[in-house]
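Q: Questions regarding the structure given below will be posed in turn.
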Amino acid sequence: MNFNTDWLYIVLTIVVFAVLWLIVKGVEHFER
Amino acid sequence: MSSAAAGWLQFGLLVAALAVCYVPLGNFIAHIFTTDKDWKIERWIYKLMGINRGADQKWSVYVRSILAFSAVSVLFLYGLQRVQDHLLLSEHMSAVPPDTAWNTAASFVTNTNWQNYAGESTMGYVVQMTGLTVQQFLSAAVGLSVAIAMIRGFMRSRTDKLGNFWVDFTRASIRLLLPIAVIGAIILVANGAIENFHSYATYTTLSGGHQTIPGGPVASMEPIKDLGNNGGGFFNTNSAHPFESPNPWTSWFEIFLLLVIPFATPRAFGKMVKDNKQGYALLAVMAVIWLLAVGGISFFEAHYGLGGATAAHLAHGAAEGTETRFGTSGCSLFAASTTVTSTGAVNCFHDSLTPFGGGIALFDMALGEIAPGGIGAGMYGLLILAIVTVFVAGLMVGRTPEYLGKKIRPVEMKYAALYFLVLPVAILTAAGLSIGTHQGQNAIFNPGPHGLTEVMYAFTSMANNNGSAFAGLGSAAMWYQTLGGIVMLIGRFAPEIFALGLAGSLARQQPVPASAGTLSTKTPLFVGMVVAVVLVLVGLTYFPALALGPFAEGLH
């Protein structure tokens, strides 16, 4: 149970930072 | 000495101490980030980490460095808590549950320090020292680095480079935070704060009951908790615990620590842009809002009848939930100072503040914490507000919108608008989802306006990376742990992306000389306009939620 939950939170961390990374890319695109 | 006299004395000494530190500390901060000379220990760190210290970074590279570092930090801190039961000095504590561990990891990496756990019964000494305290240094250094990069946007021209994040971050940690924190820890130990690795001891009290006395490396965590505007205490009751803050003097000292760097940063700004009067103007904005917050909360906590708190009638002040060693005046000064910065440490129970007192604390955080704000975060937030003010003033009186020789064009205003929209969207969406779903409703224990205030306070505190808790809300429920973690990460890093994007845009510009059409940004008129823009912007954004929460409760 906890092992699965651990993976859930690891994936959630990666997803949130990926979204932030995409915002940076989006802003760069907007700049050009 | 009466409570009122003690309050005025504390306040007067605090203002005097901050005034004394303004110039030397501000100059020192400016020197740290403008000198070319590295310390030997810094060179070792660069070598060890493979950092090319001479490489200037574009804004997007700077912000990506922050994101990469923070993502790794969240995962490391999460893992450390999850294996706590295998670590030394864990005081026989089990692994931190996954949802609490993730919320805590997001919380400490984002400088929020929202705590859904009681430190003394959840975290062992190694996690407190090597996980939480380390992040209190690093997250503060990240915030200051962003502010410095933002200032470079004004200093530089015809470049897209804002400095090197790794160098700024290392210098902020080594030269500024660490030395002050060490001195602060020695002062706290000398005044009775504990610093040990003793196992918890259980004693039998005179009445035959049992009491557990915790130990721990508390004094070494305490200064950076305040200095770095973190706020996460070693113990559940934070700075109301006598092992964290043993007496009224240490309480005063902690308030001083949480204000000293944010209030000195405008001086660093003035020094770096070579116009100290610009720094004084921003300092004045910060001071006016801080004074309004301190005065407002102190007034409502002292004049209990206006706040409607009934228990206060018996205690000659809104004393319920107040630590008696500090009194209502000490609580008010701390509550105002911790919520106008992004600290979130508490020395009294904010849920027990009078409705209007608590409403001001909530409003303070909704201001985006720019007065003086969190370490670095207050400075870049206020600079963006100054840009908005210049633009609004330009529209009103037909002046050219310029700030420090940089034109405020539509592109800069788009960055500023995005910066200001992120937090209300995160807060109001999360609060709306919590109120509108069973998962969120199940953890709201107080009905009516007070329950709404608790939900609003929680998400406002998390999104603004404050971390103070109104309490009364079952925020340890998985819903609030997970949603809160997401809100903290978005609330910290999305505004930093737009702030650095704006800085990059400013750095690329060729400065224009001031003309007769340029609005002066170092006059009392400009200070008043910035304060007005801050209050109107926040007032319009949060007024419906504030009206249904603290105002409705206070006027009932």
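Laboratory data are not the source of any read-out in this text; all were calculated from the coordinates shown. Just so it is clear, the model here is predicted, and its values are computed rather than measured. Reconstructed Cβ throughout: ideal geometry from the backbone, glycine too, with neighbour counts over all protein chains shown.
Q: Limiting things to C-alpha atoms, what are the Rg and the maximum Cα-Cα separation (Dmax) for chain B, in angstroms?
A: Final numbers for Rg and Dmax: 22.6, 80 Å.
Q: Also, I was wondering about something else. Would you mind calculating the relative contact order of the range B:376-555 from Cα pairs under 8 angstrom and at least 6 residues apart, reporting the percent as a whole number?
A: 32 percent
Q: Relative to the longest principal Cα axis of chain B, at what angle does helix B:59-82 sit, 0 to 90 degrees, rounded to 10?
A: It is inclined by approximately 10 degrees.
Q: Using modelled backbone amide H atoms (1.01 Å from N, in-plane), which distant-in-sequence or interchain residues come within less than 5 Å of residue B:402's amide H?
A: B:408, B:519
Q: Given 20 °C and 1.002 mPa s, compute D for the range B:231-295 with the Stokes-Einstein relation, Rh being the Kirkwood radius over Cα pairs; round to the nearest whole µm²/s.
A: Estimated via Stokes-Einstein, D reaches 156 µm²/s.
Q: Mind listing the long-range amide H neighbours of residue B:164? Cut-off is under 5 Å, sequence gap 5 or more, other chains count too, H placed in the peptide plane at 1.01 Å from N.
A: B:57
Q: Something else now. Evaluate the distance, in nm, between pseudo-label points positioned 7 Å from the Cα of residue B:409 and of residue B:445 along their respective Cα→Cβ axes.
A: It works out to 5.5 nm between the two label points.
Q: Pairing rule first: another cysteine's C-beta must sit under 4.7 Å. Under that rule, which cysteines of chain B stay single?
A: B:21
Q: What's the average, rounded to a whole number, of partner chain beta-carbon atoms within 10 Å of each residue's beta-carbon in A:7-16?
A: Mean partner shielding for this stretch: 6.
Q: Just to check I understand the Karplus step: with θ = phi - 60° and J = 6.51 cos²θ - 1.76 cosθ + 1.60, what whole-Hz values come out for the range B:182-196, glycine and proline as x?
A: Each residue of the range B:182-196 in turn: 5, 4, x, 5, 5, 4, 5, 4, 4, 9, x, 5, 8, 8, 7 Hz.
Q: Treat every Asp and Glu Cβ in chain B as -1 and every Lys and Arg Cβ as +1, leave all other atoms uncharged, and give the resulting dipole magnitude about the Cα centre to the nearest 20 debye. Mind dumping the intermediate values first?
A: Numbers: 28 positive and 27 negative charges, 504 e Å.
The calculation lands at about 2420 debye.
Q: What number in nm² do you get for the range B:439-556 if you take the convex hull of its Cα atoms and divide its surface by four?
A: Details: hull surface 41.9 nm².
Mean shadow area of the hull around the Cα atoms is 10.5 nm².
Q: With everything on Cα atoms, drop me the angle between helix B:134-155 and the longest principal axis of chain B, reported from 0 to 90° to the nearest 10.
A: 20 degrees
Q: Let me ask something additional. Could you pull out the longest piece of chain B with no exposed loop trypsin sites (Lys or Arg not before Pro) in it, calling a site exposed if DSSP puts it outside H, G, I, E, B and it has at most 11 other Cβ atoms within 10 Å?
A: Longest run free of exposed loop sites: B:275-556.
Q: So, one more: For the range B:15-32, just list the computed ³J(HN,Hα) in residue order, Karplus coefficients 6.51, -1.76 and 1.60, θ = phi - 60°, integers in Hz, with x standing in for Gly and Pro.
A: Values per residue, Gly and Pro as x: 4, 5, 5, 5, 5, 5, 7, 3, 6, x, 5, x, 4, 5, 4, 4, 5, 3 Hz.
Q: Here is a further query. If you place +1 on the Cβ of every Lys and Arg and -1 on the Cβ of every Asp and Glu, how big does the dipole about the Cα centre of the protein assembly as shown come out, in debye to the nearest 20?
A: On the way: 30 positive and 30 negative charges, 511 e Å.
Dipole magnitude for the protein assembly as shown comes out near 2460 debye.
Q: Explain nothing, just compute: Karplus ³J(HN,Hα) = 6.51 cos²θ - 1.76 cosθ + 1.60, θ = phi - 60°, for every residue of the range B:397-406 in order, whole Hz, x for Gly and Pro.
A: Result, rounded to whole Hz: 10, x, 7, 6, x, 9, 9, 6, x, 10.
Q: Would you work out which of B:286, B:443, B:23 lies farthest towards the positive end of the dipole of chain B, given +1 charges on the beta-carbon of Lys and Arg and -1 on that of Asp and Glu, about the Cα centre?
A: The residue sitting most towards the positive pole is B:23.
Q: Let me ask something else. What is the protein assembly as shown by shape, rounded, prolate or oblate, if you read a ≥ b ≥ c off the alpha carbon gyration tensor as root eigenvalues and call it rounded for a/c under 1.5, prolate for a/b larger than b/c, and oblate otherwise?
A: Here the protein assembly as shown falls in the rounded category.
Q: Among B:189, B:523, B:401, whose Cα projects farthest towards the positive end of the dipole of the protein assembly as shown, with charges put on the beta-carbon of Lys, Arg (+1) and Asp, Glu (-1)?
A: Working it through, the farthest residue towards the positive pole turns out to be B:401.
Q: Additional query: Highest mean first, how do B:120-133, B:529-542, B:333-346 rank when packing is the count of other Cβ atoms within 10 Å averaged over residues?
A: Ranking the peptides B:120-133, B:529-542, B:333-346 by packing returns B:333-346, B:120-133, B:529-542.
Q: Okay, moving on. In peptide B:97-103, what is the residue-averaged number of other protein chain Cβ atoms found within 10 Å of each Cβ? It would help to have the intermediate numbers written out before the result.
A: On the way: counts 2, 10, 3, 0, 3, 7, 1.
The shielding value for this peptide is 4.
Q: Would you mind giving the mean number of other chain beta-carbons within 10 Å of the Cβ of each residue in B:484-490, as a whole number?
A: 3
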